[in-house]
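Nothing in this text is a laboratory measurement; each read-out follows from the coordinates by a stated rule. The model shown is predicted, which means the values in this text are computed figures rather than measured ones. Here the Cβ is made from the backbone with ideal geometry for all residues, glycine too, and neighbour counts use every protein chain on show.
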Amino acid sequence: MSEFEGVAKALGQALTKRGYSVLTPVQTAILAPELEDADVLVSAQTGSGKTVAFGLSLAPTLLAGEDRFGRAAAPLALAVAPTRELALQVKRELDWLYEMTGAVSASCIGGMDMGGERRALNKGAHIVVGTPGRLRDHIERGSLNVSELRAVVLDEADEMLDLGFREDLEFILDAAPSDRRTLMFSATVPRSIATLAKRYQRNAVRVATTEEQKQHLDIEYRALAVAPNDRENAIINLLRYYDAKSALVFCATRATVNHMTSRFANRGFSVVALSGELSQNERTHALQAMRDGRARVCIATDVAARGIDLPDLELVIHADIPKTRETLLHRSGRTGRAGRKGVSALIVPHNMRYRTERLLDSANLEATWGKAPSAKEILARDRERTLADPVLSDPLTDEERAFAAELLERYSPEQIAGAFLRQKMAGMSAPEELLDTGPGDRKESRRDAFKGGVWFSLSVGHKQNAEPRWLLPMLCRAGHMTKREIGAIRIFNSETFVELSADSAERFVEELGSDMTMEKTIRVARVDGLPDMPADGGREQRGKTYQGNKPAWDPQAAARGDGPKKKKFSRRADARADAMNDDRPPPADRPQKPRGDKPWDGAGKKAKGKTSYKVKKPHRGQAPGGPKSAGDAPVKRKKPKKHAD
């Protein structure tokens, strides 16, 4: 054993070499004596050291009391991860952890050379790490022998189920020996994980650290309210304000990743993209650029960045609000790892505030609400960083002192300081001016509390199918404002009146320009005071003629004979009234349509110039003109179709 209690000697030496002095809570919990040969279901916060934890837990099972491994015949342990990046990361962690034991590891990862993986497996490996689909392919092809497995580890098990790998996982677990150990590690334990554990684990022990029940203390959560069309500008200002060594921006789609990557690159940021459409080689180069400092900003999708560990990641930005609490926790868990501090910032459009509040409540997180950093705040932060730059306080060497004296002889101190500032700010992107349109208080955001507004007239109405659901976003786009600055909307047949807040009215006019038009065809005019409602009426009066207020029927007044009697409806009476109002001649005087085969002109006479119809011949087998009974009805035969030769 080593100085770390419960850790094998070789692994303890590797931890000391790596700089470990104490173990994290989840690593300490997994080393409990009663869990040495048990199946476990571990739930802990991201960045808590789960990879090292299951590596320490596997050691007694794999080494079986020995200090080093013997020759590798068949794999003894199998670790399954949801993504290529996470699988490679797990392999790297296990390589340095088992370095002193002589363990040989191999990877089976989708997108990599399958032939090279097969050759590595044939040479022998004690530990195999891979993704579900590629591992299943090797098992089905016979290149991966799982008959000697002693343990199977599912890392980020909840994510693998979300990505649709259930069938592959079940195939792998069914192929493994039944007496193996099964260890499941996940940041959250939904019902799907509990069901999988119940089926494939034997008397599994649930391990949950105390930190799981409370907010991650090393992560500062911030929610920044922005205008919907200011999202990208807010992200630029956020990157400039924190000036993090490395930052990760999460987007919902690949298209958004490509768009933001190109825009941020044009703004001077050293940025890389990480999405599923990239090849494995491109993704590896992107992560390596982040690790060695050549890139400082990574724009990624949820799946591509799942479980990756970037050193010195100080800032996580949610460009798109996560849909689930699990996604929020996994995204934010990329920072604040291994005792380091980090910031998780959510860019919240005003119309997404309530949904974001519910998301934070469901995740048991408390975020500090505010606005995105302004240009003034960013410039002030730049001054603070410049004054605190250690370059200014480091002692000068003899050569530097001599050259500084020469500079002071030629230039003034102000000129030298100005040149230093210009060189310092040369590679920085200029901050963006954001719209100062923060959301008001929840009680004051009601439409009935909108007062003191300015009215505008639009040249569209019901005739043009005008509706608030498309007028509202059109106004927001044209005037660069939010729906909270728009009050009442009154739509009439050929005109619409819109009420805007007094603060946004002037800006709305400036954005429209001198032509005062929207969408090229809609004319806008400012109305002084309250608008005069047109006589054509609103939606409720279209298609009807106003007939005044009619007195309602009062049964007591009707009984006294004072009020109007209630109208009684009778089908027979209504039919009689219709007959009295009919202008047609009575039935006896009307010409009757004959039932023969002659054409009818409506006057009871044979139509002139019209050929009379021929009398149909009697059916075969019946005398001409003979009586026809019900049973002797002729059978209509279909004519045979003519086929072209």
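Here are some notes:
- Model label sites at Lys323 and Thr397, defined 7 Å from Cα along the beta-carbon direction, differ in position by 5.7 nm.
- With distances taken between every two different alpha-carbon atoms, segment 9-213 has a Kirkwood hydrodynamic radius of 17.0 Å.
- Long pairs among Lys323/Lys520; Lys323/Lys463; Lys91/Lys245, criterion Cα-Cα beyond 29 Å: Lys323/Lys520; Lys323/Lys463
- Bins of 5 Å from zero: percent of alpha-carbon pairs in segment 209-361: 2, 9, 20, 24, 22, 14, 7, 2, 0, 0
- Potential extension, Asn465-Ser494 segment - 0.36 nm per residue separation minus Cα distance: 9.5 nm
- If R0 equals 41 Å, the separation of the Cβ atoms of Arg141 and Asp67 corresponds to a calculated FRET efficiency of about 0.75.
- If only the Cβ of Lys and Arg carry +1 and only the Cβ of Asp and Glu carry -1, the dipole of segment 219-379 around its Cα centre is close to 80 debye.
- Among Trp470, Trp96, the ranking by other beta carbons within 10 Å of each residue's beta carbon, starting with the fewest, stands as Trp470, Trp96.
- Pair-distance distribution of segment 329-384: all C-alpha pairs, bin width 10 Å, starting at 0; shares per bin in whole percent are 18, 40, 32, 10.
- Least to most buried among Thr24, Thr335, Thr517, Thr397 (fewest other Cβ within 10 Å first): Thr397, Thr517, Thr24, Thr335
- Each peptide in 191-199, 519-527, 129-137, 158-166 gets a packing score, the mean of other Cβ atoms within 10 Å over its residues, and the list from highest to lowest is 129-137, 158-166, 191-199, 519-527.
- A full extension of the chain between Ala265 and Ala32 corresponds to an added length of 78.9 nm, given 0.36 nm per residue minus the alpha carbon distance.
- For Lys123 and Lys520, the difference between the fully extended length at 0.36 nm per residue and the C-alpha to C-alpha distance is 135.9 nm.
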